[in-house]
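The values are calculated or read from the model by the stated rules, or taken from the named source; none is laboratory data. Remember, it's a predicted structure, so these values are computed and weren't measured experimentally. Here Cβ is always computed from backbone atoms with ideal geometry, including for glycine, and neighbour counts include all displayed protein chains. Ligands, DNA and RNA are stripped out before the accessible areas are found, and what is left, the full protein with its side chains, is counted by its heavy atoms. Shrake-Rupley method; radii C 1.70, N 1.55, O 1.52, S 1.80 Å.
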Amino acid sequence: MDAQNRAPLVDMRDIHISFGGVKAVDGVSIDLYPGEVVGLLGHNGAGKSTLIKILSGAYQPDAGEIYVNGEKADIHNPRDARKYNIETIYQTLALADNLKAAENLFLGRELTSRTGALDDVRMEAETRKILARLNPNFRKFASPVSALSGGQRQSVAIARAVYFNAKILIMDEPTAALGVQETAMVADLVKQLKSEGLGIFLISHDIHDVFDLADRVAVMKNGQLVGSAKVSDVSQDEVLGMIILGKCPPGAIPGPGAIPAEKLARIAHV
Amino acid sequence: MSDTQQAAGVPTPVHARNPVHVDQNRPRGVGGMLRAMEVDVRMIGMIVALIVIWVVFDLVTGGLFITPRNLFNLSVQTSSVAIMATGMVFVIVARHIDLSVGSLLGFCAMMMGTFQTNWLPAHLGFNYPATWILAIAFGIIVGLVVGALQGFIIGYLSVPAFIVTLGGYLAWRGAAWWVTTGQTVAPLDRNFTLFGGGIGGTLGATWSWVFGIIAVAAIIFFAFNGRRMRKAFDFPLKPMWAEIVNVVVLSAVMIAFVIVMNAYPVPERAAKMYLQARNMPVPDEPLNWSQGIALPVVAVAVVALIMTYVAKRTKFGRYVFAMGGNPQAAELSGINTRRITMYIFMLMGVLAAISGVIASARLQSAANDLGTLDELRVIAAAVIGGTSLAGGAGTIFGAILGALVMQSLQSGMALLGVESSLQSIVVGVVLVIAVLVDQIYRRRVGTV
Ligand SMILES: Nc1ncnc2c1ncn2[C@@H]1O[C@H](COP(=O)(O)OP(=O)(O)OP(=O)(O)O)[C@@H](O)[C@H]1O
Ligand SMILES: [Mg+2]
């Protein structure tokens with residue numbers, strides 16, 4: 001693919017992090033190209049959220065390097081990540097419940113008037129504009145987001161990423177709380193953003209979704225990378241095998257977490 | 001995401017012509033009217049409670065409570081706690097607590113006292129015109145530094161605020177004693193003591209009117225400026241009548257306050273002594289001076305205005321509320337929560353110093369036990385005023401009202417000759433009931 005010839009948008013190399021004794025991420029390398037969607041899969045506790053939180057600056061890795069557009073990136077906190085146009089939609093929605101939609105959308109990057117005072121009216125106007133595009137039914141601009149439904153809250157989180165011109169978008173189970181219609185909306189949005197040249201990490205437990213949206217999949221198990229593959233080179237069953245057994249199929253590039261063939265054979269024998 | 005209905009019982013226009021105007025409701029009944037005016041129902045509840053307290057005390061004391069004299073004293077007595085309560089709102093909203101404010105007040109007052117009485121006169125002479133400014137600036141720096149120290153330990157070293165300020169509660173009270181090894185500092189600078197609201201420490205009739213008129217002008221300006229800005233973007237507006245009712249009510253309260261304060265005369269003898277002390281001619285005929293608004297109350301007004309601006313219109317204020325609503329979200333949004341935490345305690349330190357000015361000026365001396373138990377009064381005022389200990393919710397205006405409610409109870413009981421032990425019991429019970437009522441209200445309305 002011609003995307004592969006350019007420098008990767010994001011290149012995370014040999015990332016390690018542990019919490020106490022738990023090796024949450026153990027030597028994972030993963031990359032992402034412009035206009036590409038990489039689906040990150042793995043069972044609960046595999047380390048997916050932890051890995052992307054390192055990219056978004058929420059955690060500091062114990063070891064490993066991150067390159068953005070081929071240059072080494074220093075990401076020590078969420079502010080640094082934002083400087084590299086990395087925007088994240090977190091699994092546990094990172095919204096302040098007591099604030100309104102507009103206040104959340106601009107949190108940390110408020111618009112101010114000439115005197116330096118918060119320009120709430122302009123922020124609300126911008127929020128109305130962007131949400132009109134993403135979720136035309138959204139009306140609750142005057143209430144704190146605690147009064148919104150899960151889907152409405154999700155649209156605020158997505159609007160925040162879209163508004164600030166993300167180049168690298170991280171979506172950690174963006175549709176987990178959503179109904180059918182809203183899920184379809186997010187899928188359309190992912191396709192649209194992809195066509196605009198963004199790179200997207202999409203974490204999801206829904207293999208169908210991932211096969212529908214992603215160009216590549218990467219599978220994690222117990223903090224390690226089992227392998228990665230173009231969706232065209234593997235079947236959904238093979239990816240399930242990667243997730244559950246750690247078995248890397250022929251069409252995939254094996255990672256450190258792949259279970260060697262002889263060991264698998266022994267398991268199958270028993 | 002298709003959910004457009006609003007709280008149960010609120011009529012929603014099904015066929016809204018312009019979607020932007022959907023959140024506007026037709027007023028229906030008292031509740032609907034209050035909603036249209038966008039006033040906080042909890043705030044109304046507190047104002048009603050305050051009025052009930054005043055009326056009951058007035059009836060029980062045979063008309064001694066609602067008098068210019070008593071209301072004037074009430075306004076002065078409330079000031080020190082009210083000023084600190086505005087800072088405590090920020091502290092509690094950000095899910096912290098500050099138990100050190102009373103001790104810090106005492107420490108700042110002692111530092112300012114020695115500075116102006118024992119140190120400055122040696123260099124500048126007694127009653128040098130700028131002494132009061134230097135003393136207040138010095139006190140504010142002390143408060144700022146102490147607040148920064150506590151805030152640093154809380155924010156950057158992650159020691160819980162409860163522990164740090166409990167340590168501060170003990171340490172600064174001890175430090176207040178050490179400043180003069182326990183001696184009370186007196187007399188304070190003549191200009192400095194005016195901030196206590198005693199003789200000469202009031203605006204007088206004319207300036208009180210100026211103050212009142214400026215306040216009314218500001219009320220009108222803010223109401224219509226906000227309206228104009230929302231209109232520019234074609235946002236939903238409050239109905240015009242609601243805006244006008246708001247403005248009229250607030251302005252009327254303001255004007256009534258000026259009239260009442262002006263109705264309280266300065267005692268003839270005190271007025272003449274004041275003139276004598278300043279080598280001014282003393283006329284033989286009666287002076288008929290009005291007290292007008294006391295300087296401590298002016299200080300409360302200025303502090304309240306600034307703090308409201310900080311809370312509503314600055315990034316710092318927005319971040320404090322965000323941290324209270326969801327500390328993780330604030331952190332992930334790139335807010336430097338450690339630094340904001342330190343700033344919050346620095347602000348609290350400055351306010352404790354300002355309250356120290358008022359408290360010591362009122363007594364015309366600085367004693368090391370000044371501000372004892374104030375931390376509890378301040379926290380109670382903020383909480384009675386609707387600040388949620390869970391963080392994320394609270395208003396400056398509410399905290400000041402809370403301080404006024406508490407002081408009204410205490411003054412009223414003192415007028416009745418209730419023993420101070422019983423006063424404590426009543427104030428304690430009221431605190432718990434206020435929070436209980438608030439909890440029930442929040443649960444029913446479903447807000448955090
Ligand atoms: N802050 C933390 N402190 C301690 N352990 C953590 C922390 N965050 C994650 N872990 C541990 O790290 C491991 C990986 O967690 P992570 O949240 O990355 O999993 P995940 O792949 O996102 O799972 P899920 O699909 O359930 O979201 C788990 O064992 C988890 O318990
Ligand atoms: Mg996760």
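Just a few scattered comments:
- Region B:141-196-region B:380-448 distance, computed between alpha-carbon centres (Å): 26 Å
- Prolate/oblate/rounded call for region B:57-123, Cα gyration tensor, a/c under 1.5 rounded: oblate
- Region A:17-86 versus region B:212-291: alpha-carbon centroid distance in Å: 59 Å
- Hydrodynamic radius by Kirkwood, which averages 1/r over all alpha carbon pairs of chain B, in angstrom: 23.7 Å
- Solvent-accessible area per residue for chain B (1.4 angstrom probe, square angstrom): 48 Å²
- Top positive-direction residue, dipole computed over chain B with Cβ charges, set B:Thr202, B:Ala217, B:Pro121: B:Ala217
- Residues along region B:222-253 losing 50 Å² or more of accessible surface when the other protein chains are present rather than the chain by itself (probe 1.4 Å): B:Phe233, B:Phe235
- Long-range HN-HN contacts of A:Leu198 with modeled amide H, under 5 Å: A:Gly35
- Helix-only CD estimate at 222 nm, as mean residue ellipticity for chain A, using -39500 (n - 2.57) per DSSP H run (n ≥ 4): -10000 deg cm²/dmol
- B:Val266 long-range amide H proximity, modeled H, under 5 Å: B:Trp289, B:Ser290, B:Gln291
- The mean number of Cβ atoms from other chains found within 10 Å of a Cβ in peptide A:175-185 is 1, as a whole number.
- Rounded accessible area of B:Ser424 (nearest 10 Å², 1.4 Å probe): 80 Å²
- Taking each DSSP H run with n ≥ 4 as -39500 (n - 2.57) and averaging over every residue of chain B yields -22500 deg cm²/dmol at 222 nm.
- Across region B:197-208, computed HN-Hα scalar couplings (Karplus, 6.51 cos²θ - 1.76 cosθ + 1.60, θ = phi - 60°) run x, x, 4, x, x, 10, 6, x, 4, 5, 5, 4 Hz from first to last residue, x flagging Gly and Pro.
- Test item: Cα-centred dipole of chain A, Lys/Arg +1 and Asp/Glu -1 on Cβ, debye: 460 debye
- Alpha-carbon centroids, region A:97-166 and region B:33-100: separation in whole Å: 34 Å
- Accessible surface of region A:112-185, 1.4 Å probe, proportion on carbon and sulfur as whole %: 52 percent
- Burial of 30 Å² or greater, region A:110-136 residues [accessible area, probe 1.4 Å, versus chain by itself]: A:Glu110, A:Ala117, A:Leu118, A:Asp120, A:Val121, A:Glu124, A:Ala125, A:Arg128
- The trypsin sites (Lys or Arg not before Pro) of region B:194-286 meeting both criteria, a DSSP state outside H, G, I, E and B (loop) and at most 14 other C-beta atoms within 10 angstrom of the site's C-beta, are B:Arg278.
- Only protein heavy atoms count here; under a 1.4 Å probe, B:Arg339 has an accessible surface of about 100 Å².
- Under-5 Å amide H pairs with A:Thr112, H placed in peptide plane, nonlocal only: A:Asp119
- Computed from backbone phi, the HN-Hα couplings of region B:245-261 come to 4, 3, 5, 5, 4, 4, 5, 5, 4, 4, 5, 4, 4, 4, 4, 5, 5 Hz, rounded to whole numbers (Karplus: 6.51 cos²θ - 1.76 cosθ + 1.60, θ = phi - 60°; Gly and Pro given as x).
- Per residue, the solvent-accessible area of region A:145-270 (1.4 Å probe, heavy atoms of protein chains only, all protein chains present) comes to 44 Å².
- Computed about the Cα centre, the dipole magnitude for the protein assembly as shown is approximately 1140 debye when only Lys and Arg (+1) and Asp and Glu (-1) carry charge, each at its Cβ.
- Candidate lysines - alpha carbon under 23 Å from A:Lys167, same-chain residues fewer than 8 apart omitted: A:Lys48, A:Lys53, A:Lys72, A:Lys83, A:Lys129, A:Lys191, A:Lys194, A:Lys230
- Rg(Cα) / (2.2 N^0.38 Å) computed for region A:110-177, rounded to two decimals: 1.21
- Under Karplus coefficients 6.51, -1.76 and 1.60, residue-wise ³J(HN,Hα) of region A:48-58 in Hz, glycine/proline x: 5, 4, 4, 4, 6, 5, 5, 5, 8, x, 6
- With the whole protein complex present, B:Phe211 retains an accessible surface near 50 Å², based on a 1.4 Å probe.
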